[in-house]
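Colleague: One structure is given below, represented as structure tokens, and several questions about it will come after.
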2 protein chains.
Amino acid sequence: MISVLIIGNGNVAHHLHKAFTKAVDIHSTKISSRKVSNIPDAMVTIIAVTDDAIAAVSSNIPNRFVVHTSGSVHINALENTGSKGVFYPLQTFSKERDVSFDEIPLCLEATNHKDMQLLEALANAIGKNVVSINSEQRKCLHVAAVFVNNFTNHLFKIGNDLCDEFNVPFEILTPLIRETVLKIETLAPEKAQTGPALRNDTKTIEKHLHLLNKQQQEVYTILTKSIQNGH
Amino acid sequence: MISVLIIGNGNVAHHLHKAFTKAVDIHSTKISSRKVSNIPDAMVTIIAVTDDAIAAVSSNIPNRFVVHTSGSVHINALENTGSKGVFYPLQTFSKERDVSFDEIPLCLEATNHKDMQLLEALANAIGKNVVSINSEQRKCLHVAAVFVNNFTNHLFKIGNDLCDEFNVPFEILTPLIRETVLKIETLAPEKAQTGPALRNDTKTIEKHLHLLNKQQQEVYTILTKSIQNGH
């Protein structure tokens, strides 16, 4: 039996606690990050708070082993006096959607082998995709995630805005979006690239720019340039 | 029985001919766009050539009804003397991957009801997602497709480059990429947006910029600005 204490009020705290509660041989307790006095003891204390609050919240925790869940914060930002670690689930969480930890990469970091074993046991209790990642690699994954998730979603929004403007249902683009993603599971993104930017088809690029507003033109121009420089 | 003549040497000509050959009540013939003398007759002639060649190739075709397959070219760019139309399959085609026309939106345009009925019969013989789209709407779909397919793929490439640089397997990002796409099938992209740009988290944005090369920084900065202006 591993005892876990989760401190936090956000989506990550909510989904982690839910998953640990269902897992066998884990005893999970969750408390708000606003009431960090009388902290219950636990073998692993997971603080799932905003990046800026990690130092302050961790400094108040007397428990033996404290880990944070952030992709962009170094392990040494933790200010507890005991052992330190990271338990970073690489996924986009929202209240509206249920998540299955089965597929989510759980990126772990610890300062010694025994702590790592404990984190691995915890991760394996809720997931199947457990990886050991150091702070430098995690920083890289976090920025890469911004490109493939946040920025990609924004491109979908621009596509949606254009469809609304020209009275075309955005759903027409769904099969293309699905294929865009399926393709890179068998072909490296570099090999999967197509389109006017890659072909240096200036006539089509000009036509496209005429249809866009200023902000969309800026995005179009920079990405076209980046495709052309990168190939 | 509908007779179809496909003129072209590329991926679209190849995949269309393959699909029509398998369909019932369709007789498909395919010829190269380089030999446009002695053109066989057909009820529908589909020219699947590069945008720039559409005018010249179509001007040599005496057949009754000629359609092109381009997303970005107006129906009136056709220079045949007979009827004109468009048969635009909205998908990314590559030689490496088989395509199923079942899901691909087939975007049709014609100048009269009878021609449209003929195109619809043809489209329904190979696909299930048949839509009537005028030239303005098609132009919009084409530029939207560049955002959601070409540019998205390029963001995947940047993610891949970053993983290579920091020695992290790119496959760790696959579940996140899948969720990014699944999310917008139930949530509008605008509602699905998350990340440091949306939160105006300048500290994380600064950290990310430090990890990137100049080209990646430009893309990061423009997309961050575009997310912040758009919400």
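Colleague: Go through the residues of the stretch A:157-164 one by one and say whether even a single one is free of Cβ contacts under 8 Å to residues at least 60 places away in the same chain and within 19 Å of B:Lys157 (Cβ to Cβ).
Modeller: Yes: one or more hits.
Colleague: Got at least one residue in the stretch B:127-141 being crowded, with 17+ Cβ neighbours inside 10 Å and over 25 Å from A:Ile158 (Cα atoms)?
Modeller: yes
Colleague: What single numbered condition from (1) more than 28 Å from B:Phe170 (Cβ to Cβ); (2) part of a loop (DSSP other than H, G, I, E, B) fails to hold for A:Ser100?
Modeller: Single failed check for A:Ser100: (1).
Colleague: In the list A:Val12, A:Val66, which residue meets the criterion of being surrounded by 17 or more Cβ atoms within 10 Å (Cβ to Cβ), in contact (Cβ under 8 Å) with a residue 24 or more places away in the chain and not in a loop (DSSP other than H, G, I, E, B)?
Modeller: Of A:Val12, A:Val66, the one residue that is surrounded by 17 or more Cβ atoms within 10 Å (Cβ to Cβ), in contact (Cβ under 8 Å) with a residue 24 or more places away in the chain and not in a loop (DSSP other than H, G, I, E, B) is A:Val12.
Colleague: Ok, one more. Looking for something under 11 Å from A:Val148 (Cα atoms), in contact with a helix residue (DSSP H, G or I) (Cβ under 9 Å, 6 or more places away or on another chain), within 7 Å of chain A (Cβ to nearest Cβ) and among the hydrophobic types (A, V, I, L, M, F, W, C) - is there at least one such residue anywhere in the stretch B:207-215? Step through it out loud before you land on a result.
Modeller: Step one: of the stretch B:207-215, the residues under 11 Å from A:Val148 (Cα atoms) are none.
Scanning the stretch B:207-215 turns up no residue that is under 11 Å from A:Val148 (Cα atoms), in contact with a helix residue (DSSP H, G or I) (Cβ under 9 Å, 6 or more places away or on another chain), within 7 Å of chain A (Cβ to nearest Cβ) and among the hydrophobic types (A, V, I, L, M, F, W, C).
Colleague: Here are A:Asn150, A:Asn160, A:Asn229, A:Asn167: which of them is more than 25 Å from B:Thr221 (Cα to Cα), polar (S, T, N, Q), in contact with a helix residue (DSSP H, G or I) (Cβ under 8 Å, 6 or more places away or on another chain) and facing another protein chain (nearest Cβ under 9 Å)? Break it down stepwise before answering.
Modeller: Numbers: A:Asn150 fails: more than 25 Å from B:Thr221 (Cα to Cα); A:Asn160 fails: more than 25 Å from B:Thr221 (Cα to Cα); A:Asn229 fails: more than 25 Å from B:Thr221 (Cα to Cα).
Among A:Asn150, A:Asn160, A:Asn229, A:Asn167, only A:Asn167 is more than 25 Å from B:Thr221 (Cα to Cα), polar (S, T, N, Q), in contact with a helix residue (DSSP H, G or I) (Cβ under 8 Å, 6 or more places away or on another chain) and facing another protein chain (nearest Cβ under 9 Å).
Colleague: Among the listed residues B:Asn149, B:Asn160, B:Asn200, B:Asn153, which satisfies the condition of being of a type outside the set (Lys, Arg) and on the phi > 0 side of the Ramachandran plot?
Modeller: B:Asn200
Colleague: Show the residue pairs meeting these rules: Cβ distance below 8 Å; 6+ apart or different chains; first residue within the stretch A:177-194 and facing another protein chain (nearest Cβ under 7 Å); second residue assigned to a loop (DSSP other than H, G, I, E, B) and at pLDDT 90 or above.
Modeller: Correct list of pairs: A:Ile177/B:Ile184; A:Ala192/A:Ile184.
Colleague: State yes or no: is A:Lys139 charged (D, E, K, R), at the interface with another protein chain (Cβ under 9 Å from one of its Cβ atoms) and closer than 25 Å to B:Leu211 by Cβ?
Modeller: yes
Colleague: Here's something else I'd like to know. Any residue in the stretch A:72-96 that is more than 11 Å from chain B (Cβ to nearest Cβ) and assigned to a strand (DSSP E or B) sitting within a Cβ distance under 6 Å of a residue that is surrounded by fewer than 22 Cβ atoms within 10 Å (Cβ to Cβ) and acidic (Asp, Glu)? List the pairs, counting only those 6 or more apart or interchain.
Modeller: A:Ser83/A:Asp115; A:Gly85/A:Asp115
The values are calculated or read from the model by the stated rules, or taken from the named source; none is laboratory data. Given the structure is predicted, the values throughout are model-derived calculations rather than measurements. Cβ: placed from backbone, ideal geometry, glycine included. Neighbour counts: every protein chain shown.
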